[in-house]
Number of protein chains: 2
Amino acid sequence: MSGPPSRLRSILNHLTGEGGGKSSQTATPPHIHHLSPTFFLERAIAIEPQGEAIVHVTANGVPIRRTYQEFADRARGLAYYLKKKGLKRVGVLAPNTPAFLEAIFGIVAAAGTIVPANYRLSEDEISYIFEFAEVDCIIADDEFAHLLSAFRRKKGNVPVIVDLDTDVKEGPSSGPYDQAVLEGLQYDAENGSAGWEGLHSKKDDEDEMIAIPFTSGTTSRPKGVVYTHRGAYLASLANVVESNLNQGRCRYLWTLPMFHAIGWTYPWAVVAVRGIHVCLRKINYPLIWKLLKEEKITHFNAAPTVNTLLVASEDAERLPQKVHVTVAASPPSGYLFEQMTKLNLHPIHVYGMTETYGPVTKSYPMPEWEELPDQEKYAKMARQGHGFISSLPVCVIKPDQPEGVLINVAKNGFEVGEIVFAGNSCAKGYFKDEEATRKLFAGGVLHSGDLAVWHPDGSIQIFDRSKDIIISGGENISSVALESLLVEHEDILEAGVVSVPDERWGESPKAYVTVKQGKTLKGEDVIAWARDNGRISRFMVPREVEIIDELPKTSTGKIEKKKLRAMAAAKDE
Amino acid sequence: MSGPPSRLRSILNHLTGEGGGKSSQTATPPHIHHLSPTFFLERAIAIEPQGEAIVHVTANGVPIRRTYQEFADRARGLAYYLKKKGLKRVGVLAPNTPAFLEAIFGIVAAAGTIVPANYRLSEDEISYIFEFAEVDCIIADDEFAHLLSAFRRKKGNVPVIVDLDTDVKEGPSSGPYDQAVLEGLQYDAENGSAGWEGLHSKKDDEDEMIAIPFTSGTTSRPKGVVYTHRGAYLASLANVVESNLNQGRCRYLWTLPMFHAIGWTYPWAVVAVRGIHVCLRKINYPLIWKLLKEEKITHFNAAPTVNTLLVASEDAERLPQKVHVTVAASPPSGYLFEQMTKLNLHPIHVYGMTETYGPVTKSYPMPEWEELPDQEKYAKMARQGHGFISSLPVCVIKPDQPEGVLINVAKNGFEVGEIVFAGNSCAKGYFKDEEATRKLFAGGVLHSGDLAVWHPDGSIQIFDRSKDIIISGGENISSVALESLLVEHEDILEAGVVSVPDERWGESPKAYVTVKQGKTLKGEDVIAWARDNGRISRFMVPREVEIIDELPKTSTGKIEKKKLRAMAAAKDE
């Protein structure tokens, strides 16, 4: 076979997984190419190089818009820079910027692995992540680069490439990241301009590692989760289908952090359909409303707490376009669903974890729900539902069995068990932690650690992590269920319920509550309302209700129960 | 690990590929399950057993509606029947009936392979297909069962299960197919009611054969094309995304024959999103319009010729709902696109072949096309475009090179070359034909045999199979392009152009033309119009135009050029 230049080399590279001249002879037959989502970017520029790809306001306040060609060129520049320097395991510490998106494609195109870290963690935690993952380079946004000082004290030899996130492309004020991109493009130009064909957007083994996102690690050290090319590809396609990213040209707003499970694979999913990434350096409700309106956003993903505050914002108004809002993390309340729908924000309720590439179940709306009273309808929507199009069935197993023994709970809507996953929607395991990986997959399924019931219709519904169940006078109280009931009060914005010791009942529920703007409320008012409204069982009525300004939350927007428990314990002393 | 009953066994089976008790110990890790589209049906009943799945009017004229549970139960019954009898390679000779859909899932769930045959072929050709594929059983629709007599004379021992396609479920008049389904269900019930978990809806090797559809074989014997579980799964997901099957509840009308490339994988794709299959025993334009209106069809697939006749039907009227019409086979004319759009039928132009699981390229509409004059816009839509979301780049290579030498043509819109494919969108090869498979994949890419140009924007456009190019006085005339120009005449319905010998120019184009209902036209009128309308180059004006009642067509709706050439040759003698 003669060696043709240009595009054709690209389709042949997949056969050997060859990239940039390396010629390994694997036996992949011509009817198979290895699944890898990085190729979606190369495909996007083949179809529509001038299509809009990225909309952003830089750190210095300049609005920028980039085409797919510009996006891909910058990712390619980064890739060649990394290749030139021989860097393979690349940390990323950044908010939702164009540089982060470029890194997700550029690092992998250089045959490297993405290691994102949460910039809301402490210096020590960030240092732990990057050290543990053995990064040989870090791309850091200028605003957060100072968080690397602990890491730098230990690993001073690991280069840090700082992104200023400005509109300045050249000259001394353009910053090291832009310089690296330019250096990489220069390097490609000087070496025959192989472009994307000289890179690794197709993989020689689809089960290889593509990224190591870390869990939030609320109870112990964060764990590195191994994502594969195949897993990320299939999760991306599933997200396209399940969140309808393929309806017209999607305009996706980056409210969900990209460091979190690689943005649930949306960096790839949005590129797969040549959608528009609207970046966002931080959650700012007036700005989000401005973007929803001006950029005609069609999709975003966010935790219920972000949606709660969004709906409560002064700038909230019904949008002319339908917005698909993929909601996850903690179960949203029916009240929230209702409020969102009124604003033309249509919730798609999903559930998953870092170990499942983000979302992997969905509450599929059934036509017959439309006949139900609103509260029943929203209660059904708030269930976790069923496995995604790409998933094997999601099961709920008895939690009190010896490790590795798997027995399904009854599908009766009240026997509580543990949610388990299997197959392609599962990450490969924990990075450098065989023991934790073995436990994660005990018995051959992925253990979520989340407790749920299995309804007769086959849908699952999370109750709580076991520590969130309050046992009061022998009755099990779900703190999540009680929170949902409390926010039905017209003046309550959010509620967080924890267990407090009770002499008579063993434990009792205590609620921390925030109040809507312009409203006032006392704890005893809430208790009286809870006792009298007829929807809250007597044993579930909170013994104490404390009104606070804001609920403590994790970086992914979950209510931080640990902090609430500490607050309750401090009060009790 | 203790052996739990029920659902959980199902998620664990994928780990070993175990089904129905066979216990092979393959080393598939828990984060991988083998891609196979049969599982979509099992998933559909887990989510929405009462969801509508099949709408049909039986052969005896009775309208029936079946839920997903009924659909899956019948497929399961067939599967257990086949398992009981040890049948593995199952022929199907049927129009687009519920039984055909059930067979597509049931045969594979029994670890078998689907072998569909085109019922418009001759007895001998059908016999050839089933003999060559070594079927051990045939499911045949009663209307077409007589076409098996040639096969039966040779292979009298192969059982034929006749489907009457009636609404009669039990008793002597229910027919052998329904009896087999009942027998299978009975067998399952008598053997522990393992249900779907005792079947093979998950596969132990995704590269195994799932079906052998046959090419239409216009020039030689039909060839069996080997489809794999992985290939069919990825093609199904791609069709969901590319034809927007995931918008609300899709209602898919079966105008495309299921025997053709397993209905382009739509039996699986529609089930993956729990859409509604509206079956259709034969193409009947008044009936299609009735279904479009009454069943609120959202999607169908058809060749341009079907769309042409649909648009020309007396029953045509603008539909209230938007219908996605996936159009393939020969390039549609701009005129057809325009007419369809007016009726709220929105064409999605795709291209592919049996060897690529049906469609694999799409003409992606670009926003800037909206600014173009209609004719230019429709001309762009009529291009074959770019590879699907699941595909590697589609290339056009120089056709005059030694076998296996791959050199891309220039992207200049006029250098003609051969379209080639690579990777997951390619079938595994030809069944029992190593030499043809070797040629198909010469140089490591799949050779389409279709000639095309590559435009500067990266889109491809088919010209003709080489035999459809007419060389007249040294000029290359594309018969397809000339056909597109001729149907711009307001009274012409369809046109087919072939080459006829010409003493002066070597070859000349001759056009066969059909006229719209209520119009009359003579050959010389068309020639005069073609000469004077300013859009047809002088050398392209047909030397002869013959008005006929109907154009000869293949079973998949392509104009049968071979027959037109024969007609032209007969005339010349």
Test item: A:438-447 mean partner chain Cβ contacts at 10 Å: 3
Summed side-chain charge close to B:Y430 - residues other than B:Y430 whose Cβ falls under 12 Å, Lys, Arg +1, Asp, Glu -1: +2
Using a Förster distance of 35 Å, the FRET efficiency for A:Q517-A:F414 (Cβ separation, nearest 0.05): 0.40
Fraction of accessible area attributable to carbon and sulfur, the stretch A:53-134 (%, probe 1.4 Å): 46 percent
Percent RCO, i.e. relative contact order, over the stretch A:121-196, from Cα pairs under 8 Å lying at least 6 residues apart: 25 percent
Loss of accessible area when A meets B, both sides summed, Å² nearest 100, probe 1.4 Å: 5900 Å²
Fraction in percent of alpha-carbon pairs per bin - 5 Å, the stretch B:470-570: 2, 13, 25, 26, 20, 10, 3, 0
Shape call, the protein assembly as shown: gyration tensor on alpha carbons, a/c limit 1.5: prolate
Carbon and sulfur %, accessible surface of the stretch B:333-469 computed with the full protein complex present, 1.4 Å: 53 percent
Spin-label model distance (nm) - B:D142 vs B:K296, 7 Å beyond Cα toward Cβ: 3.3 nm
Shortest-first nm distances, B:R565 label point to equivalent points in other copies (7 Å, Cα→Cβ): 8.0
Approximate spin-label separation A:R221-B:D549, in nm, with each point projected 7 Å along Cα-to-Cβ: 8.4 nm
Links that overshoot a 22 Å alpha carbon limit, given the list A:K155/A:K563; A:K85/A:K223; A:K322/A:K342; A:K342/A:K377; B:K411/B:K558; B:K519/B:K562: A:K155/A:K563; A:K85/A:K223; B:K411/B:K558; B:K519/B:K562
Spin-label proximity, B:R249 to the stretch B:35-59 - amide N less than 13 Å from point 7 Å beyond Cα toward beta carbon: B:48-55
Length-normalised contact order of the stretch B:322-433 in % [C-alpha pairs under 8 Å, at least 6 apart]: 23 percent
Difference of contour (0.36 nm per residue) and Cα-Cα distance, B:E503 to B:D124: 132.5 nm
Surface share of carbon and sulfur [accessible, 1.4 angstrom probe, percent] for the stretch A:470-570: 47 percent
Counted charge near B:D142, where neighbours are those whose Cβ lies closer than 12 Å (Asp, Glu -1; Lys, Arg +1): -4
Length-normalised contact order of chain A in % [C-alpha pairs under 8 Å, at least 6 apart]: 10 percent
Å² per residue, accessible surface of chain B at 1.4 Å: 37 Å²
By accessible area with a 1.4 Å probe, ligands and nucleic acids excluded, highest first: order of A:M258, A:M567: A:M567, A:M258
7 Å along Cα→Cβ, label-point gaps from B:D207 to other copies, nm, shortest first: 1.2
Helical mean residue ellipticity (222 nm; -39500 (n - 2.57) per DSSP H run of 4+; nearest 500) of the protein assembly as shown: -9000 deg cm²/dmol
Three-way shape call for the stretch B:25-118 based on the alpha-carbon gyration tensor, with the a/c threshold at 1.5: oblate
Shortest-first distances to equivalent copies, position B:D374, nm, label 7 Å out along Cβ: 4.7
Cleavage-rule hits, GluC sites (Glu not before Pro), the stretch A:511-569, DSSP coil, Cβ neighbours within 10 Å at most 14: A:E550
Prolate/oblate/rounded label for the stretch A:201-296 (Cα gyration tensor, a/c 1.5): oblate
Proximal charge balance of A:A133 [Cβ under 14 Å; K/R count +1, D/E count -1]: +2
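The values are calculated or read from the model by the stated rules, or taken from the named source; none is laboratory data. Just so we're clear, the structure is a prediction, and the values are computed from it rather than from any experiment. Backbone-built Cβ (ideal geometry, glycine too); neighbour counts: all protein chains shown. The protein model used for the area step is the full one, side chains on, heavy atoms only, and it has no ligands, DNA or RNA in it. Shrake-Rupley method; radii C 1.70, N 1.55, O 1.52, S 1.80 Å.
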